[in-house]
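K.L.:
Shown below is the structure under consideration.
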Amino acid sequence: MPDSMFLKLSLLLGLLALGPHVCSWKFEDISKSTQNFRLCVEFAVFHFNEHEPDEYAYKLLWVGRSQRKMYSWIYLMDLELGRTICKKHDEDIDNCPLQEGPEQKKVSCTFIVDSRPWFTQFTLLNSTCQQKWGEELPAPTAAPFLLKNESLQS
């Protein structure tokens, strides 16, 4: 019985020593060109368009911060989106021109996306968006999303 108690105590002490490192919430900078990060960006823009009440689609203009939480598949990203002349469900929004004049809108967003690359599943954990003149937009709610297999091909 004492050996079993010693083993349990050793295991507990080991977990306590490792715990802060394994459970860290620290985000580290990553390359913007990694495939999974790019898929998370695509998901965040898609999710923004689906939940934004505007009838026009927004497209990606710029990627600022690109980070990944240590020991996880959670990504943090700062994106700038621009309002296009295309409707949300039009084809090829990436090549759609931006609106100009009084209809022009740009939005700065921070997204936190949890991904499960082996299932091609993405969940928006948090988002904050502000229009360039500072008016805050409502944050979309968290929801899982599965990409089709053909979206993974480059």
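The values are calculated or read from the model by the stated rules, or taken from the named source; none is laboratory data. The structure presented is a predicted model; accordingly, all values stated were derived computationally and were not measured. Cβ placement follows ideal geometry from the backbone for every residue including glycine, while neighbour counts extend to all protein chains displayed. Heavy atoms of the whole protein, side chains included, go into the accessibility calculation; ligands, DNA and RNA do not. Shrake-Rupley method; radii C 1.70, N 1.55, O 1.52, S 1.80 Å.
K.L.:
I want to confirm something. Restricting to the stretch 120-138 and keeping residues that are open to solvent by 60 Å² or more (accessible area, probe 1.4 Å) and either at pLDDT below 90 or small (Gly, Ala, Ser) (or both), which single residue is nearest to residue 45 (Cα to Cα)?
P.N.:
So the residue we want is 138.
K.L.:
Does residue 82 meet the test of being in contact with a Lys or Arg (Cβ under 6 Å, 6 or more places away or on another chain), farther than 22 Å from residue 121 by Cα and at pLDDT 95 or above?
P.N.:
Yes.
K.L.:
If I go through the stretch 60-107 residue by residue, how many of them are surrounded by fewer than 18 Cβ atoms within 10 Å (Cβ to Cβ) and closer than 20 Å to residue 37 by Cβ?
P.N.:
Final tally of qualifying residues: 15.
K.L.:
Would the stretch 9-30 turn up any residue that is exposed (fewer than 15 other Cβ atoms within 10 Å of the Cβ), at pLDDT 95 or above and within 22 Å of residue 112 (Cα to Cα)? So that I can check it myself, show each step before the final result.
P.N.:
Residues of the stretch 9-30 exposed (fewer than 15 other Cβ atoms within 10 Å of the Cβ): 9-26, 28-29.
Checking which are at pLDDT 95 or above leaves us with 28-29.
Keeping just the survivors that are within 22 Å of residue 112 (Cα to Cα) gives 28-29.
Yes, that holds for at least one residue.
K.L.:
Take the residues of the stretch 31-59 that are farther than 18 Å from residue 106 by Cβ, free of Cβ contacts under 8 Å to residues at least 24 places away in the same chain and over 10 Å from the mean Cα position of the chain (by Cα): which is most open to solvent (accessible area, probe 1.4 Å)?
P.N.:
Looking at the filtered set, the residue picked out is 33.
K.L.:
Of all residues in the stretch 108-119, count the ones that are of a type in the set (A, V, I, L, M, F, W, C) and either within 18 Å of residue 67 (Cα to Cα) or surrounded by 17 or more Cβ atoms within 10 Å (Cβ to Cβ) (or both).
P.N.:
Qualifying residue count for the region: 4.
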